[in-house]
Amino acid sequence: MAKKNKKQSINVNVRFNFMWIWAFIIIAIIGYSFFGGAPSEPVAAEWNTVAEMISKGEVERIKVINKNAAEVYLTDEAIAQYRAAEEGNRFKHIPEHGKQLTFTIGSVDILDRDVKDAVEASGIEDNPVSIEYLNETTSWGDIVMNFLPWLFLIGIWFFFIRGMMRSGGGAGGGIMNVGKARAQEFNKEDNDKRVTFKDVAGLEEAKVEIMEIVDFLRKADKYRELGAKIPKGALLVGPPGTGKTLLAKAVAGEANVPFLSISGSDFVEMFVGVGASRVRDLFEQAKQKAPCIVFIDEIDAIGRARGKNAGFSGNDERENTLNQMLTEMDGFQTNAGVIVLAATNRADILDKALMRAGRFDRQIEVGLPDVKEREEIFNVHLRHIKLDNNIDRQFLAKQTPGFSGADIANVCNEAALIAARNNKKCVEREDFMAAIDRIVGGLEKRNKTMSQAERRATAIHEAGHATVMWKLKECDPVLKVTVIPRGNSLGATWSVPDEERVHVTDAVLQDKLAGLLGGRIAEEVNYGTLGAGALSDLERATKLTYAMVAYYGMSKKIGPISFYDATGTRDTFTKPYSEQTAIAIDNEVRRILEEAYNRARQIIEQHNVEINRMADLLLEKETIFAEDIEPILGRSAQAEENEKNVNENESVTEPKSEGVTVAD
Ligand code: ADP
Ligand code: ZN
C-alpha cells in the first residue's frame, strides 16, 4: 500500500513541473501581445493618403523594407496635430514614436517617381521627405510566432507519449514496449482479491479435473520423483460467462501461486511481429514467477486453425503468433512449474496443433448451469445482498433456464439496484422478477407512443402466440404474456420449460414453429392484414426450419445428412451441396413452414373468441399470467400431458428445451 502511494506522488510531481512549463509559455505569449506591441498600432494606409500627407509636408521619412513594405514616419508637428484631433479621426491613435503608417508598394521605381511627383506638387521648398531602403531580417517576435505551432505540436506529441507510458502502467505499456505482454497479475499477497473454489458454484466435474492441476502445482516433487510429466496446459471450453476465468483464478487461489491473465486479443496488434514477441515476453515473465498459472482468455483470437481461407489472408500475423505460442509451450521444461490455462467457447475451431500432447492436451468442459447449479450460483451471489425473508432460491433458479453464471450475477445485482431505486429496505421477489425480465427482454419502454389500435393489434398478436403455445403439448408452458414494450419489441409471450430439454425432437421443433407463427396468424385472422411487426418471428421460424432440414437431418426428403460446419472454417461462398439439393432444401423448408402455419391457423380460427377475450384482458392488465389464461382457454396441453404421464406412471421429467423462450 505504502509503496503504491509513493509512486503516485512522484507522478504528480512530474506532472506539476510539466504544467509549469506550459503556464510559462502561455503567460509569455499573452505578455508579448500585451506589452511587446505598443498600445497604439501603426495605421495601415494606402498611397493616396500618404501622397496627401507629403503634399502637406507632414512626412519626414519613408522606409522601404524588403522592397515591398513601406513604413511612414511623420514629422513631430504632424504627429502632435493628428493625436490632438477629435475622436473618430482615422489617425487619432497613431503611435507617438516609431512608424505611424504602413502601406504596401508595387515597385520601388514607381514609389520613387510618385514621391518625387508628390513633393513637386506640394510646392513646399524644403519638403523633408526622404526614402530609405532596408533589407530587414525577421524580428525576434516573428521567430517566436513562426515556431509557436511547432512548439505546440511537440508539446502535444509529448503529452501523447506520456499518456501511453502511463496508461500501460508499470510493466506493460509505452510505445517503447509494444512487444511486451500486458498480462494482468494477481499475486498471492492480494488476499482480498483471492478467489477460491468456494466462490465457484456448481461445475463439479470441472472442479475435480482442475483440482488435479492444483495438486500438480502444490506437490510437483511427488509427481516428478515418479518420473511423471506434469501437464503444461488445459483448455476450458464453454459459453461466455460460465465461469472459466473464475475457475482459473480459483486454481491460482487454491494453489496459492501467482496468476497471470491475458486475453488472446491482446496479442493481436496492427504491427507486424508484435504478437509473437508478446507471447515470448509472457512466457518469460511466467518463468520468472514459476510456479504460476498463466490464463489466456479468448484463445480463439490467435488459435484459429491455420491455413484456411488463404485467399483472404492478412492472417500471417496471427499465424506467427500461434506458432510462437506452440514453440514456447514445447520449449519450456515440464518441471518449470508454469501451467497454462486457456479459455474459449469454440474448441472446434482451434488449430489441432494446440491440442496435441504436451500442449493443451486436457479439455475441461464448462457448460451452462442446470437448475441445481443455478440455485448454488444464486446462493453465492446472494451472500452479500440484503434479502427479503421469503426469497425462494429454487424458484429463482427455475425462472432462469439458459442463464449463465454471469447472467445470474447480473440478475442479483440488477435486483438490488431496482430495490434501491424503489427505496426498499431489502430486495424482494418482485425485484428479482423485474431484473430477470429486464435481462431477457431489455429495458421497458413504457413511454413509447402507440395508438389504441396499435396496442390492440399487439395484444391480438401476443394472444395468438400464447394460444398456439397453450394448445400444443410440445411447446414450453406459457408463463406470462405482456404488451409492455421492451427493447425492440412491442410485447412478448414468455414460456419456461418445467425441466430443461436435452433431447430436442422434430415434433418439439414443429410445435415451436407453429407457436412462432401464431402471432402473425392471429393478426391476419382478425384484421385480414399482414403486419411487418412479425419480422423477428418469421426470421426465427425460417432459420429454425433451415436448421431442421440442413443441419439436424429432420427432413425425410433431404435425408439424414448435415451440412453443418463445426469448424467454422468453410468460406461462406461455396455451399457443400449441389444446386439440386439447394432447391430441394428450399422446398422442404417451405413445406415444413406451411405445415406449421396450417396447424397454427386451425388452432387460432377455432379459438378466436378466446383470443379476443385474452387481448381485452391484456389491454386492461398489460401483463397476464398462466393463472389468467387458464379460465379463458382451459387446461394447457402441457398440463394435460403431464397428468396423463403421471397416470400411466411414466417418467414425467422428459428433458426439455434450452431456456426461456420469448416470442415477440
Ligand atoms: P467466462 O470467463 O466463462 O466468460 P467469467 O469467469 O468471467 O466467465 O464469469 C463472469 C462472472 O460470472 C464471474 O465473475 C462470476 O461473478 C459469475 N459466475 C460465472 N460462473 C459462476 C459460477 N459457476 N459460480 C459463481 N459465479 C459465477
Ligand atoms: Zn410475435
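The values are calculated or read from the model by the stated rules, or taken from the named source; none is laboratory data. Quantities reported herein were computed from a predicted structural model and do not represent experimental measurements. Reconstructed Cβ throughout: ideal geometry from the backbone, glycine too, with neighbour counts over all protein chains shown.
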Condition met for Gly402 (small (Gly, Ala, Ser) and within 16 Å of ligand 2 (Cβ to nearest atom)): no
Tabulated pairs, the range 235-264, first among the β-branched types (Val, Ile, Thr), second near ligand 1 (Cβ under 10 Å from one of its atoms) and in a helix (DSSP H, G or I), C-beta under 8 angstrom, 6+ apart or interchain: Thr242/Gly405; Thr242/Ala406
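Taking the conditions exactly as written (under 20 Å from Asp616 (Cα atoms), more than 11 Å from ligand 2 (Cβ to nearest atom), at pLDDT 90 or above and of a type in the set (Phe, Trp, Tyr)), does Trp470 satisfy them or not?
In short, yes.
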Positions within the range 332-358 being part of a loop (DSSP other than H, G, I, E, B) and either crowded, with 19+ Cβ neighbours inside 10 Å or of a type in the set (A, V, I, L, M) (or both), in sequence order: Gly337, Asp351, Ala357
Selected residue (criterion: farthest from ligand 2 (Cβ to nearest atom)) from residues of the range 525-539 that are part of a helix (DSSP H, G or I) and among the hydroxyl-bearing types (Ser, Thr, Tyr): Tyr527
Given (1) within 33 Å of the chain's Cα centre (by Cα); (2) away from ligand 2 (no atom under 16 Å from the Cβ); (3) among the β-branched types (Val, Ile, Thr); (4) at pLDDT below 85, index of the condition Ile391 fails: (1)
Pairs where the first residue, in the range 603-624, is in a loop (DSSP other than H, G, I, E, B) and the second is not charged (D, E, K, R), C-beta under 6 Å, 6+ apart: His607/Thr467; Glu622/Val483; Glu622/Ile484
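Let's see how each residue does on (1) of a type in the set (Val, Ile, Thr); (2) outside any loop (DSSP other than H, G, I, E, B):
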| position | (1), (2) |
| --- | --- |
| Arg383 | no, no |
| Ile408 | yes, yes |
| Glu430 | no, yes |
| His461 | no, yes |
| Thr467 | yes, yes |
| Trp470 | no, yes |
| Lys473 | no, no |
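Check whether at least one residue in the range 172-191 is at pLDDT 80 or above and either hydrophobic (A, V, I, L, M, F, W, C) or in contact with a Pro (Cβ under 7 Å, 6 or more places away or on another chain) (or both), and report yes or no. Write out each step before concluding.
Step one: of the range 172-191, the residues at pLDDT 80 or above are none.
Among the residues of the range 172-191, not one is at pLDDT 80 or above and either hydrophobic (A, V, I, L, M, F, W, C) or in contact with a Pro (Cβ under 7 Å, 6 or more places away or on another chain) (or both), which makes the answer no.
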In the range 366-388, the residues that are at pLDDT below 85 and surrounded by 21 or more Cβ atoms within 10 Å (Cβ to Cβ): none
Hits in the range 210-253 (condition: surrounded by fewer than 17 Cβ atoms within 10 Å (Cβ to Cβ) and either under 35 Å from the mean Cα position of the chain (by Cα) or within 16 Å of ligand 2 (Cβ to nearest atom) (or both)): Met211, Pro239, Pro240
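Conditions (1) within 23 Å of Gly487 (Cα to Cα); (2) within 13 Å of ligand 2 (Cβ to nearest atom); (3) in contact with a Lys or Arg (Cβ under 9 Å, 6 or more places away or on another chain), marked per residue:
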site	(1), (2), (3)
Leu517	yes, yes, yes
Glu523	yes, yes, no
Ala541	yes, yes, yes
Leu544	yes, no, yes
Tyr551	no, no, no
Ile561	no, no, no
Gln580	no, no, no
Out of Ala419, Ala453, sole residue that is away from ligand 1 (no atom under 16 Å from the Cβ), touching an Asp or Glu at 6+ places or on another chain (Cβ under 9 Å) and over 28 Å from Glu643 (Cβ atoms): Ala419
Test: residue in the range 485-493 that is modelled with pLDDT of 85 or more, touching a strand residue (DSSP E or B) at 6+ places or on another chain (Cβ under 9 Å), away from ligand 2 (no atom under 12 Å from the Cβ) and among the basic types (Lys, Arg): no
Enumeration of residues in the range 516-541 that are within 29 Å of the chain's Cα centre (by Cα) and not hydrophobic (A, V, I, L, M, F, W, C): Gly533, Ser536, Asp537, Glu539, Arg540
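Looking at the range 570-602, which of its residues are in contact (Cβ under 8 Å) with a residue 60 or more places away in the chain and outside any helix (DSSP H, G or I)?
Hit for the range 570-602 is Asp571, nothing else.
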One residue from Asp476, Asp537 being away from ligand 1 (no atom under 16 Å from the Cβ), touching a Pro at 6+ places or on another chain (Cβ under 7 Å) and within 28 Å of Ala434 (Cα to Cα): Asp476
Test: residue in the range 112-122 that is without any contact (Cβ under 8 Å) to a residue 12 or more places away in the chain and under 30 Å from Phe24 (Cβ atoms): no
Residue under evaluation Gly487, criteria (1) out of contact with any Ser or Thr (no Cβ under 9 Å at 6 or more places or on another chain); (2) at negative phi, criterion not met: (2)
